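Chemist: Handing you this structure, nothing more for now.
The values are calculated or read from the model by the stated rules, or taken from the named source; none is laboratory data. Since this is a predicted model, take the numbers as computed values, not measurements. Heads up, the Cβs are rebuilt from the backbone with ideal geometry, glycines too, and the neighbour counts pull from every protein chain shown.
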Amino acid sequence: MNIHESAEDYLEAIYMQTLEKGYVRSIDIANALGYSKPSVSVAMKQLEENGYIRRDEDRLLYLQDKGLAIAKRIYERHETLAAVLMSLGVERDTAYRDACKIEHDISDETFDAIRAHMTAHGQAIPDVTAKK
């Protein structure tokens, strides 16, 4: 699954909004990410054409299987990395901002090692399926 960082951000935002509100519209994504509605509309069209999302007759957004897999992976990385940074004493807002930058570039090997380290040292792994 090789997609661009911006597409990962969109998919993660759709996932997070779904967890939070139960439904997602393009305007919700624009507001969450601070992007213009036209930019989000273009991105949603591309994600839909590539089978990552679908839209229903009410224009609500839904993650397709391959979009959901990517969204969950990125969200898990985001939450886990933020937790690690906060456990090191990094302030919450900074930890989440930095985690957002790291989540796209970190290798699976390194991320798996971080998770294993957290587990071995009794640190909780964030539950990425729980509502916020």
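Chemist: Go through (1) over 17 Å from the mean Cα position of the chain (by Cα); (2) more than 30 Å from HIS121 (Cα to Cα); (3) of a type outside the set (Phe, Trp, Tyr); (4) at pLDDT 95 or above for VAL24 and report which single condition fails.
Modeler: For VAL24, the failing item is (1).
Chemist: Do you know which residues across the range 25-46 are in contact (Cβ under 8 Å) with a residue 24 or more places away in the chain and more than 20 Å from CYS100 (Cα to Cα)?
Modeler: ARG25, SER26, MET44, GLN46
Rundown of residues vs (1) under 12 Å from the mean Cα position of the chain (by Cα); (2) farther than 30 Å from HIS117 by Cβ; (3) modelled with pLDDT of 95 or more, yes/no style:
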residue	(1), (2), (3)
ALA32	yes, yes, no
MET44	no, yes, yes
GLN64	no, yes, yes
GLY67	yes, no, yes
TYR75	yes, no, no
GLU79	yes, no, no
VAL84	no, no, no
ASP93	no, no, yes
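Chemist: Same structure, new question: So which residues in the range 54-69 are assigned to a helix (DSSP H, G or I) and surrounded by fewer than 19 Cβ atoms within 10 Å (Cβ to Cβ)?
Modeler: Scanning the range 54-69 gives ASP65, LYS66, LEU68, ALA69.
Chemist: Among the residues of the range 109-126, is there at least one that is without any contact (Cβ under 8 Å) to a residue 12 or more places away in the chain, on the phi < 0 side of the Ramachandran plot and under 17 Å from the mean Cα position of the chain (by Cα)?
Modeler: Initial filter on the range 109-126 (without any contact (Cβ under 8 Å) to a residue 12 or more places away in the chain): 109-110, 112-113, 116-117, 119-122.
Of the ones still in play, those that are also on the phi < 0 side of the Ramachandran plot are 109-110, 112-113, 116-117, 119-121.
Filter again for under 17 Å from the mean Cα position of the chain (by Cα), leaving none.
Scanning the range 109-126 turns up no residue that is without any contact (Cβ under 8 Å) to a residue 12 or more places away in the chain, on the phi < 0 side of the Ramachandran plot and under 17 Å from the mean Cα position of the chain (by Cα).
Chemist: Would you mind stating whether VAL84 is under 15 Å from GLN17 (Cβ atoms) and buried (at least 17 other Cβ atoms within 10 Å of the Cβ)? First the steps, then the outcome.
Modeler: On the way: under 15 Å from GLN17 (Cβ atoms): no; buried (at least 17 other Cβ atoms within 10 Å of the Cβ): yes.
For VAL84, the condition - under 15 Å from GLN17 (Cβ atoms) and buried (at least 17 other Cβ atoms within 10 Å of the Cβ) - is not met.
Chemist: Further, regarding this structure: What number of residues in the range 84-132 are more than 17 Å from ALA71 (Cα to Cα), of a type in the set (S, T, N, Q) and part of a loop (DSSP other than H, G, I, E, B)?
Modeler: 1
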